[in-house]
Amino acid sequence: MCWKKCGGGSRHPGRSGSRVRYDYAVVGGGIVGLATARALGRQHPGATIILLEKEMGPAQHQTGRNSGVIHSGIYYTPGSLKAQMCAAGVQSMTAFCEEQGIAYEQCGKVIVATAPEELPQLERLYQRGLDNGLKVQLLSAEEVRAYEPHVQALKGIRVSSTGIVSYRQVSAALVDLLRDSGAEVRFGVKVERLTASADGYDIGTSAGDFAARVLVNCAGLHSDRVARLAGADPRSSIVPFRGEYYELRPERRSLVRGLIYPVPNPDFPFLGVHFTRMIDGSVHAGPNAVLAFGREGYRKLDLNLQDLREVLANPGFRALARKHLREGAKEMLRSWSKATFVRSLQRLIPDVTAADIVPCAAGIRAQALSPDGKLVDDFLLIDGPNALHVCNAPSPAATSSLEIGRAIAARVPGVARRRSFSLTRQGVPA
């Protein structure tokens, strides 16, 4: 069946009534959506592609508000999508930056144990790094200070492949590449309605109606809602966790040379506050992890009643909150008390004082939560007829974005041959 009279390979979208028709529609203008649209165009030369983003520019949420780290993959379960795509993503992301003239630096990081009870977990983390094929080095206290003179630690791990970059700059370059290739990138266009049709999806938006043979949902904070609009079961719900940061005053940046992380608490699903030197030379301290009262609630008092009602009515969230009640209370205290936040930082660098740091912009982690109250640990890709939904892509999704895009594009050819397709292995790309 021909998609339009001029053939599926035309760069000009067809029309049916008032709807503009495309071969592929990508929802979401964060780095994963942009990378996916680019990968689709490279995999299917001549295909008509549109990317729809409700904000007025790219990378306005998770992508543009994260710490800008090119992650090594040391934390992730061997064999998981995160571990595989992150390791490959380090290579593809740095190669992309080289090609596009985007500043980056592989400065490495240290993960440090500051108390005796953290040493067994540090050893396990070192072994995981080896299992994931990384170049990791165990450090004595003296060796830690050789890399980070102001850090107080018992032992540490050096991960040399970790780097820093501006993902906003990477996203801007992807937008330019998409437009140069003939793809259409539309900002300020909110998807409001999705209706499955014989030929794909009718897409109702704030800027009119479109249609596409294939829908790819990369909507991040709203990915579960977009999946449901399309009639898919995301098997999870997004819970927004705000991560708040402070920034070292310029005259105190010398306290940090690169990236300094604590040993993560194995019973709490976040990495703990740490120090990150950004590509612009600034140094950020954080983030904590507190429930946001809205999916885009970047400030403490931001409130979206619909979002908050959804979270509080979710039995899975209530189970999660009960399990992590003590740690959650500590995170809330750290959110409201600068002195408590500083004490957490002083475990890594005792010389840091409250006068050395000032608040800076927060970010929100779009974390998928399963109905049984467990945080979805891996990237989660859900298939539907003529559609694929990226329903969990928190960190290290930015590092892995080019690999995620390639994995999605590699599954799409089946759609071009059949009216519908289905992913294997419970929605995970083979």
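Within the stretch 129-156, being in contact (Cβ under 8 Å) with a residue 12 or more places away in the chain and farther than 25 Å from Val352 by Cβ holds for Gly129, Asp131, Asn132, Gly133, Leu134, Lys135, Val136, Gln137, Leu138.
Restricting attention to the stretch 85-97, report how many residues are surrounded by fewer than 20 Cβ atoms within 10 Å (Cβ to Cβ) and touching a residue at least 40 places away in the same chain (Cβ under 8 Å). So that I can check it myself, show each step before the final result.
Taking the stretch 85-97 first, the residues surrounded by fewer than 20 Cβ atoms within 10 Å (Cβ to Cβ) are 88, 91-92, 94-95.
In the following step, the residues that additionally are touching a residue at least 40 places away in the same chain (Cβ under 8 Å) were identified as 88, 92, 94.
Adding up the residues that qualify gives 3.
Residues in the stretch 119-149 that are under 26 Å from Arg252 (Cβ atoms) and out of contact with any Leu (no Cβ under 7 Å at 6 or more places or on another chain): how many? Before the answer, list the steps.
Going through the stretch 119-149, the residues under 26 Å from Arg252 (Cβ atoms) turn out to be 139, 141-149.
Narrowing further to those that are out of contact with any Leu (no Cβ under 7 Å at 6 or more places or on another chain): 139, 142-149.
The qualifying residues number 9.
For Ser67, the conditions (1) of a type outside the set (Lys, Arg); (2) surrounded by fewer than 23 Cβ atoms within 10 Å (Cβ to Cβ); (3) modelled with pLDDT of 95 or more; (4) assigned by TED's automatic domain parsing to the domain that holds Ala207 all hold with the exception of (3).
Going by the structure shown, is Val189 assigned to a loop (DSSP other than H, G, I, E, B) and either surrounded by fewer than 22 Cβ atoms within 10 Å (Cβ to Cβ) or at pLDDT 95 or above (or both)? Talk me through it step by step, then tell me what you get.
Working: assigned to a loop (DSSP other than H, G, I, E, B): yes; either surrounded by fewer than 22 Cβ atoms within 10 Å (Cβ to Cβ) or at pLDDT 95 or above (or both): yes.
Considered against the rule, which asks whether it is assigned to a loop (DSSP other than H, G, I, E, B) and either surrounded by fewer than 22 Cβ atoms within 10 Å (Cβ to Cβ) or at pLDDT 95 or above (or both), Val189 comes out as yes.
Is it the case that Asp202 is in contact with an Asp or Glu (Cβ under 7 Å, 6 or more places away or on another chain) and either among the charged types (D, E, K, R) or at pLDDT below 95 (or both)?
Values: in contact with an Asp or Glu (Cβ under 7 Å, 6 or more places away or on another chain): yes; either among the charged types (D, E, K, R) or at pLDDT below 95 (or both): yes.
Considered against the rule, which asks whether it is in contact with an Asp or Glu (Cβ under 7 Å, 6 or more places away or on another chain) and either among the charged types (D, E, K, R) or at pLDDT below 95 (or both), Asp202 comes out as yes.
Selection within the stretch 215-237: residues that are buried (at least 24 other Cβ atoms within 10 Å of the Cβ) and part of a strand (DSSP E or B). The member of this set that is nearest to the chain's Cα centre (by Cα) is Asn217. Per the listing Arg249, Arg225, the residue uniquely over 30 Å from Ser337 (Cα atoms) and among the basic types (Lys, Arg) is Arg225.
Residues are listed down the side, and each one gets a yes or a no for (1) closer than 19 Å to Ile364 by Cα; (2) assigned by TED's automatic domain parsing to the domain that holds Ile74; (3) among the polar types (S, T, N, Q):
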position: Gly208; (1), (2), (3): no, yes, no
position: Ala211; (1), (2), (3): no, yes, no
position: Val214; (1), (2), (3): no, yes, no
position: Leu221; (1), (2), (3): yes, yes, no
position: Tyr245; (1), (2), (3): yes, no, no
position: Leu248; (1), (2), (3): no, no, no
position: Pro266; (1), (2), (3): no, no, no
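So the check is Cβ under 9 Å with 6+ separation or different chains; which pairs have a first residue in the stretch 178-190 that's in the same structural domain as Gly220 (by TED's automatic domain parsing) and a second one that's of a type in the set (S, T, N, Q) and loosely packed, with under 14 Cβ neighbours inside 10 Å? Listed by first residue and then by second, the contacts come to Gly188/Ser206; Val189/Ser206; Lys190/Ser206.
When Asp280 is tested against (1) in a loop (DSSP other than H, G, I, E, B); (2) over 30 Å from Gly101 (Cα atoms); (3) out of contact with any Lys or Arg (no Cβ under 8 Å at 6 or more places or on another chain); (4) not aromatic (Phe, Trp, Tyr), only condition (2) is not met.
Residue count for the stretch 114-140 satisfying the condition of being under 18 Å from Leu259 (Cβ atoms) and of a type in the set (A, V, I, L, M): 6. Scanning the stretch 341-353 turns up one or more residues that are among the β-branched types (Val, Ile, Thr), out of contact with any Cys (no Cβ under 8 Å at 6 or more places or on another chain) and exposed (fewer than 14 other Cβ atoms within 10 Å of the Cβ). If you go through the stretch 169-184 and keep only what is within 26 Å of Val69 (Cβ to Cβ) and touching a Pro at 6+ places or on another chain (Cβ under 8 Å), you end up with Ser171, Ala172, Leu174, Val175.
Report yes if Ala196 is hydrophobic (A, V, I, L, M, F, W, C) and under 17 Å from Arg21 (Cα atoms), otherwise no.
On the way: hydrophobic (A, V, I, L, M, F, W, C): yes; under 17 Å from Arg21 (Cα atoms): yes.
When the stated conditions are applied, Ala196 passes them.
On the stretch given as the stretch 397-421, residues that are part of a helix (DSSP H, G or I), surrounded by 19 or more Cβ atoms within 10 Å (Cβ to Cβ) and modelled with pLDDT of 50 or more total 14.
Among the residues of the stretch 263-276, is any farther than 23 Å from Val32 by Cα and polar (S, T, N, Q)?
Filtering the stretch 263-276 down to residues farther than 23 Å from Val32 by Cα leaves 263-268, 272-275.
Checking which are polar (S, T, N, Q) leaves us with 265.
Yes; the residues of the stretch 263-276 include at least one that is farther than 23 Å from Val32 by Cα and polar (S, T, N, Q).
If the condition is being closer than 16 Å to Leu388 by Cβ and in contact with a Pro (Cβ under 9 Å, 6 or more places away or on another chain), then the stretch 19-33 contributes Tyr22, Asp23, Gly30, Gly33.
The values are calculated or read from the model by the stated rules, or taken from the named source; none is laboratory data. Keep in mind the model is a prediction, meaning the values are calculated, not measured. Glycine gets a Cβ as well: all are built from the backbone with ideal geometry, and neighbour counts include every protein chain shown.
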